[in-house]
Amino acid sequence: MSIKRILVPLPGSVDQTGEIDMALSAAKALVEALFISQPPPPVTRGGVSVSEIGYGLRTAAVAPISWYADQRDRTVKDARERFARACAAVGIPLLSANDEPVAPLAASWREVEGPYVETAVQRAAAFDLIVAASATVMETLMTIAEQSLLQTRRPVLLAPARLQSDLTDIVMIAWDESLECWHAVSAAIPFMQLAKSVRVISVDRDADSRKASQAEVLAYLRCHGIAGTAQVVAPELRSVGDTLLAAGAEHEAGLLVMGAYSHSRLREMLLGGATRHILKNASARPVLLAH
């Protein structure tokens, strides 16, 4: 899989440094920052809409809307300037509204108003990769990650609040033999081809049961010019999610690659699972998920 278009949905209410840095670090082609602001709440006085009240009261009622618009404009301006500075720092040109990219790398900025999750997921279908913050930054971003994975089938790259290591230093694959994991491995090929090393890690008490499938994924990687090593880690008393995060820390992985929702989403919501555990706790390192 080649990654030609990356979407960074930016909420209007939080700092977006992590997502922007991650997207520009991963960029091989076009990065679009999608700044989504919430529409102003309807203004009423005593349960009566603004259009139904007199001129004097209407003027007083409209004032909060004007203040909201001013605040939104300032927030958008500040966010766009931060994005422009981040692009300039890594030498990626920021296109104007009607420009077509002429260089291999380019960035664009788009502003929309609407429901955050629905707007981001709808736009996600037109991109190869979605970059979202880890759930420790904002809960709705976890919803976007889930919906992008399950509805649009697009891989999602979770960004930590601050990028602490190079994305392609060490890539760790959380290998569980599932179709979802194969999809994640395929989506991560462009990153692994640049990585200094790739490690295939399985969590299992029976190491022998994973040898055949680990050998198969290593053969797949070699076909793409990627050399990897394999290891089986026993969970001991930890959950699979905790064991994977601990292994990522031990190997100082710059990127964790894993399949998402190998079990049904309902089962993972009710009983817990590695995917939701990673979504809630992956604040220290980037995670690429695919379904």
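Please find, within the stretch 194-208, the residue that is farthest from residue 2 (Cα to Cα) out of those that are open to solvent by 60 Å² or more (accessible area, probe 1.4 Å) and not in a loop (DSSP other than H, G, I, E, B).
My answer is 208.
Of all residues in the stretch 35-87, which are among the aliphatic types (A, V, I, L, M) and modelled with pLDDT under 50?
Correct list: 48, 50, 53, 57, 60, 61.
Can you tell me which of 233, 257, 240, 217 is farther than 26 Å from residue 194 by Cα and among the hydrophobic types (A, V, I, L, M, F, W, C)?
Checking each option against the conditions leaves just 240.
From the residues in the stretch 77-133 that are among the polar types (S, T, N, Q) and farther than 28 Å from residue 290 by Cα, which one is surrounded by the fewest Cβ atoms within 10 Å (Cβ to Cβ)?
It comes out as 98.
Being out of contact with any Leu (no Cβ under 9 Å at 6 or more places or on another chain), open to solvent by 60 Å² or more (accessible area, probe 1.4 Å) and modelled with pLDDT of 90 or more, is that true of even one residue in the stretch 162-183?
For the stretch 162-183, residues out of contact with any Leu (no Cβ under 9 Å at 6 or more places or on another chain), open to solvent by 60 Å² or more (accessible area, probe 1.4 Å) and modelled with pLDDT of 90 or more: present.
Can you find a residue in the stretch 134-153 that is at pLDDT 80 or above and either buried (at least 21 other Cβ atoms within 10 Å of the Cβ) or of a type outside the set (Val, Ile, Thr) (or both)?
Checked the stretch 134-153: no residue is at pLDDT 80 or above and either buried (at least 21 other Cβ atoms within 10 Å of the Cβ) or of a type outside the set (Val, Ile, Thr) (or both).
Take the conditions touching a residue at least 40 places away in the same chain (Cβ under 8 Å), open to solvent by 30 Å² or more (accessible area, probe 1.4 Å) and not polar (S, T, N, Q) and apply them to residue 236. Does it pass?
Judged against the criteria, residue 236 is not a match.
Tell me yes or no: at least one residue of the stretch 244-257 is in contact with a Gly (Cβ under 6 Å, 6 or more places away or on another chain) and either open to solvent by 40 Å² or more (accessible area, probe 1.4 Å) or at pLDDT below 80 (or both).
Checked the stretch 244-257: no residue is in contact with a Gly (Cβ under 6 Å, 6 or more places away or on another chain) and either open to solvent by 40 Å² or more (accessible area, probe 1.4 Å) or at pLDDT below 80 (or both).
The values are calculated or read from the model by the stated rules, or taken from the named source; none is laboratory data. Note that the coordinates shown come from a computational prediction; the quantities given were computed from them, not determined experimentally. Cβ: placed from backbone, ideal geometry, glycine included. Neighbour counts: every protein chain shown. What goes into the accessible areas is simple: the full protein's heavy atoms, side chains included, and nothing from ligands, DNA or RNA. Shrake-Rupley method; radii C 1.70, N 1.55, O 1.52, S 1.80 Å.
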